[in-house]
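Participant: Here it is: the structure, laid out below.
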């Protein structure tokens, strides 16, 4: 999938999500804004800017090492008490805890359960 | 078959013996070196324990404080194998000191370690995805490799069909199944070690490993996913238990309540469960002291054995039950899989105080002892976050404070129940722990916002493993190792400090015809009186000042020192409990001031030494010492004067 036809348009927010494929029922959004219970398929890992003092490439590598690769099935299982952060995400067969800030780099397309 | 070992004549070898039965004809080195590698939560350490049992040595790698665990095993063919348990990692990229050790040992870069003859990559059979990616990365190192599917019984129970032969063929790596926690669960692994390791010797391939790029990580993960799709079936009976427990335990509100309740139960248990055992140990040492008193002629030697050695060491060993109960909780929660959940629940709360969610585990370990806690900060890869955690770790109430707290609480706080069921003494104990936690959060907040002036917190990413029933064997082994560590400390550092304090309290001898107790003429009194003007404003008498000095070696020594000081001074009181002596001689305000002092005081030389080693600088050790001493002085000053104002002076 090339940059141009990716449904995600770079805006972080449900209201912008999935404009390109709205008619098909596909919603693409950063996992960082997805509600608890969201289920989807990873469409891209796109780290924008430094995060927590780490260069984007390092964040990307860490996400990849924890199994967040394109095509993986993700589901938000739990979220924390303060600002609904961090989140616990089921990635295929494992559960990973991470903050919403880093989860912004995980672009996912909603999948029916 | 001409090798160095075969051509070098061995005088003890029988020349006509069958070469296969003759160990001297074996071309292999006497010892094989295997390394256990694996992702966190793969059950690697359980496998290590199963393979090596009690033949383990725990030490540090030279120059770094990464724990080095080595054990010995015997293969069915009778070869002895050195097994090294490497820190868990998702990749060889080496993002932290722990992971660098794993990388360097695997690649044979560490001059102090033998290059591993075989890498045993341990994987959780129920969760292969990340492990298989690691296997693909490990293959590039060219080292002989064996994939161990651990927890295979669990995979079968969940109806996960794993085609082991297919998996092996797809990966190009031999695969063995194991159940580390079951008796005979490693039989197959051991049996295959001989046959698998054999042809690989001397055939280490070319090392083409380099830190993988993002696209290489993607490719490797896709390859791992493809292998799983061909060789591993979906679970027919997926683990629903973990999900059901997590629904409650990770619930935003209920989760935090459960966490607090767990901590509360833990501290109540430390206080009340240990009591009978402690009484038993206490009376044992008392009897021993009485025996030595009657067996030895009166004089210096009798005083040294009874007051210096037996009551000194006894007053520290008596706290072993409490320390073990605390470690029991920590080990059980760790093995159960709760610790990662606790970090999840605490991340934002800790984050608001400028701490990383990952700091939760080091800080929780610091409740047992700041030393392993500070060493555990290696999981935090951001230097400043790690430094902040190291600075505040000694504020967590370590088990060495328990003796001091228990002594003073039981002497001054009545043992009654409030609200019907809460033990008041336990409540005060809980309050002291809470004060330690609150001050740690306060100090880290100040460090983050005023010292570092940095507001970003580095990423928090952590796997939440499936819950597993803790195994008696591994918990027992962990408890045993901690008990030995404590007893070794009691036997060396603490014992030698007891001798020093006894000496300080006994010499010089009182002049002939002296009427005051002997200790009033001793070196201890001289030092105590010298410190008295400095510490009088916080309500300390000179006996406390004396006890603070050996307390620098280890906090709990202060108890023993007080015992020695009062035992020697009191003469008749020697047989009495230290607590009773204190209750007679201290005001409540003084007792509370000592408690406040102990929340903060940097009274542990080994902790300071570890801080120096971990931060690599005297500066941070000095900073820790100075800030803690300042806080201790201020806190006990305030507590003392408030208490006096309340009429408790």
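Each value in this text was obtained by applying a stated rule to the coordinates, not by laboratory testing. Fair warning: this is a prediction, and the values are worked out from it, not measured in the lab. Positions of Cβ are generated from backbone atoms using ideal geometry, with glycine treated the same way; all protein chains shown enter the neighbour counts.
Participant: Is the shape of the stretch B:76-142 best called rounded, prolate or oblate, per the rule: a/c under 1.5 gives rounded, else a/b larger than b/c gives prolate, else oblate, with a ≥ b ≥ c the square roots of the Cα gyration tensor eigenvalues?
Facilitator: oblate
Participant: Which stretch or stretches of the stretch B:120-155 have amide N atoms under 15 Å from the point lying 7 Å from residue B:207's Cα along the Cα→Cβ direction?
Facilitator: B:138-145
Participant: Next question, about the same structure. Quick one: order B:192, B:416 by neighbouring beta-carbon count within 10 Å, fewest to most.
Facilitator: B:416, B:192
Participant: While we're on this one: Obtain the nm distance between the two label points defined at residue B:452 and residue A:36 by a simple spin-label model: each point lies 7 Å from its Cα along the Cα-to-C-beta direction.
Facilitator: Placing both labels 7 Å beyond Cα along the Cβ direction yields 2.8 nm.
Participant: Also, quick follow-up: For the stretch B:232-273 and the stretch B:141-195, compute the distance between their C-alpha centroids and round to whole Å.
Facilitator: Between the Cα centres of the stretch B:232-273 and the stretch B:141-195 lies a distance of 30 Å.
Participant: Of all DSSP beta bridges in the protein assembly as shown, what percent run antiparallel (nearest 5)?
Facilitator: On the way: 39 of 59 bridges.
Counting only bridges with both partners in the protein assembly as shown, antiparallel ones make up about 65 percent.
Participant: Where does chain B land at 222 nm, in deg cm²/dmol rounded to the nearest 500, when only DSSP H runs of n ≥ 4 count, each adding -39500 (n - 2.57), divided by all residues?
Facilitator: Here the helix-only value at 222 nm equals -17000 deg cm²/dmol.
Participant: Further question: What FRET efficiency comes out for the pair residue B:294/residue B:241, r = Cβ-Cβ distance, R0 = 56 Å, nearest 0.05?
Facilitator: Computed FRET efficiency for residue B:294 and residue B:241 comes out at 0.40.
Participant: Further, regarding this structure: How high is the relative contact order of chain B? Use alpha-carbon pairs under 8 Å, at least six apart in sequence, and give a whole percent.
Facilitator: That works out to 10 percent.
Participant: Classify chain B as rounded, prolate or oblate from the Cα gyration tensor: take a ≥ b ≥ c as the square roots of its eigenvalues, call it rounded if a/c is under 1.5, otherwise prolate when a/b beats b/c and oblate if not.
Facilitator: The shape class here is prolate.
Participant: Something else about it: Roughly what angle does helix B:97-106 make with the longest principal axis of chain B, taking Cα atoms, 0 to 90 degrees, to the nearest 10?
Facilitator: The two axes meet at around 40 degrees.
Participant: Also, quick follow-up: Return the percentage of antiparallel bridges among DSSP beta bridges fully within chain B, rounded to the nearest 5 %.
Facilitator: The antiparallel proportion sits near 40 percent.
Participant: In degrees between 0 and 90, to the nearest 10, how far off the longest principal axis of chain B does helix B:557-570 point, with axes built from Cα atoms?
Facilitator: That helix lies at roughly 30 degrees to the long axis.
Participant: What nm value, rounded to one decimal, do you get for the distance between residue B:215 and residue B:287 when each label is placed 7 Å out toward the C-beta?
Facilitator: Roughly 7.7 nm, to one decimal.
Participant: Can I ask one more? Please pull out the direction-averaged projected area of the stretch B:400-442, using the convex hull of its alpha-carbon atoms, in nm² to one decimal place.
Facilitator: In nm², the orientation-averaged hull projection of the stretch B:400-442 is 3.4.
Participant: Right, here's the next one. I need B:624, B:564, B:39, B:287 ordered by Cβ neighbour count within 10 Å, fewest first.
Facilitator: B:287, B:624, B:39, B:564
Participant: Across 20 Å bins from the origin, how do the percents of Cα pairs in the protein assembly as shown run, short distances first?
Facilitator: 15, 42, 30, 12, 1, 0
Participant: Next question, about the same structure. What is the spin-label model distance, in nm, from residue B:302 to residue B:488 if the labels are put 7 Å beyond Cα along the C-beta direction?
Facilitator: Output for this residue pair reads 3.8 nm.
Participant: For residue B:115 and residue B:80, FRET efficiency with R0 = 22 Å and r from the beta-carbon atoms, rounded to 0.05? Walk me through the intermediate numbers first.
Facilitator: Values: r = 18 Å, r/R0 = 0.80.
After rounding, the FRET efficiency stands at 0.80.
Participant: Evaluate E = 1/(1 + (r/R0)^6) for residue B:229 and residue A:46, where r is the Cβ-Cβ distance and R0 equals 41 Å; express this FRET efficiency to the nearest 0.05.
Facilitator: 0.95
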